[in-house]
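The values are calculated or read from the model by the stated rules, or taken from the named source; none is laboratory data. Fair warning: this is a prediction, and the values are worked out from it, not measured in the lab. Glycine gets a Cβ as well: all are built from the backbone with ideal geometry, and neighbour counts include every protein chain shown. For the accessible areas, the whole protein counts, side chains as well, though only heavy atoms, and no ligand, DNA or RNA atoms are used. Shrake-Rupley method; radii C 1.70, N 1.55, O 1.52, S 1.80 Å.
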Amino acid sequence: MPRIRRSGLLVLCGLTLLAGCDSFDKDGAALAIRDRFCEGWPYGCTDSTQVFVEKVNKTRNGRQVLFRVRDRADETARLSAAYFEPRGDGWIFLLFEKPFNDRFQAEAGRVGQHSRAFTDHLMELKSAQRWFLSIYSRYARTLAELDSVSYKPPDLPIEMTLSGGDWRAVMRSQYVRCEFDSGRMQLPSCSGLSALNAGVGDGPLFTAFGAAE
């Protein structure tokens, strides 16, 4: 069962629901789609990202919304589709449908893949630092010092610094940035990154979703 976001609830007819009201709030639908799109794929989003509803098809139980995503000069093709169902006096956004969903999950998977990998690497570093601390009564200043506790860093850049007796490490890629701070975190924290060329013509939106259906 798909997770339903509160932002997907669209109130269509205000406080007074007239009998037979069958309107569909396209602006509310666009915001709900943007929330789900940018949460899953922050690489293609900035504060300027907008969703435009292009067509609403009635289905047996809900509405199928064809839409386009735009960030300034960058734009997708028409995407199909986002699916909504009625709930109470409004509508909820349930899921993305094929064929768009397959491509979206592939792109969003890069963010999740990097987040999981970086989290694992930072947790291994945390274990090595604890071991080093138990032996030398201080944290290692560099990754090279951790060789004494048999730590082998990944073949990926890790920025590690010491400050005030605590240590901090950061890993990043074009999709995500993950950080661990021994003074205030139990687990690494990861956040998605916007593409460096977001908003320009033929940017991430066009590259990932710009081909015609």
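With respect to Trp167, is the statement that it is among the aromatic types (Phe, Trp, Tyr), open to solvent by 60 Å² or more (accessible area, probe 1.4 Å) and either more than 17 Å from the chain's Cα centre (by Cα) or within 30 Å of Phe100 (Cβ to Cβ) (or both) true? Here the answer is no, as Trp167 does not meet what is asked. Scanning region 170-199 for residues that are hydrophobic (A, V, I, L, M, F, W, C) and surrounded by fewer than 15 Cβ atoms within 10 Å (Cβ to Cβ) yields Met185, Leu187, Leu196. In region 134-144, which residue that is assigned to a loop (DSSP other than H, G, I, E, B) and aliphatic (A, V, I, L, M) is farthest from Asp120 (Cα to Cα)? The residue in question is Ala140. Take the residues in region 48-78 that are in a loop (DSSP other than H, G, I, E, B) and within 15 Å of Gly199 (Cβ to Cβ), then tell me which one is most open to solvent (accessible area, probe 1.4 Å). Only one residue tops the list, namely Arg72.
Those strands (runs of 3 or more DSSP E) of region 145-213 in which at least 1 residues are among the hydrophobic types (A, V, I, L, M, F, W, C) and touching a Pro at 6+ places or on another chain (Cβ under 6 Å), considering only elements entirely within it, cover 176-181. Does region 1-47 hold any residues that are over 17 Å from Phe100 (Cα atoms), under 16 Å from the mean Cα position of the chain (by Cα), open to solvent by 40 Å² or more (accessible area, probe 1.4 Å) and modelled with pLDDT of 95 or more, and which are they? Within region 1-47, Leu31, Asp47 qualify. For the condition open to solvent by less than 20 Å² (accessible area, probe 1.4 Å) and over 20 Å from the mean Cα position of the chain (by Cα), Ala81 does not qualify. For region 109-120, what are the residues that are modelled with pLDDT of 95 or more and surrounded by 20 or more Cβ atoms within 10 Å (Cβ to Cβ)? Scanning region 109-120 gives His114, Ser115, Phe118. Within region 84-97, the only residue that satisfies the criterion of being open to solvent by less than 10 Å² (accessible area, probe 1.4 Å) and closer than 22 Å to Cys45 by Cα is Phe93.
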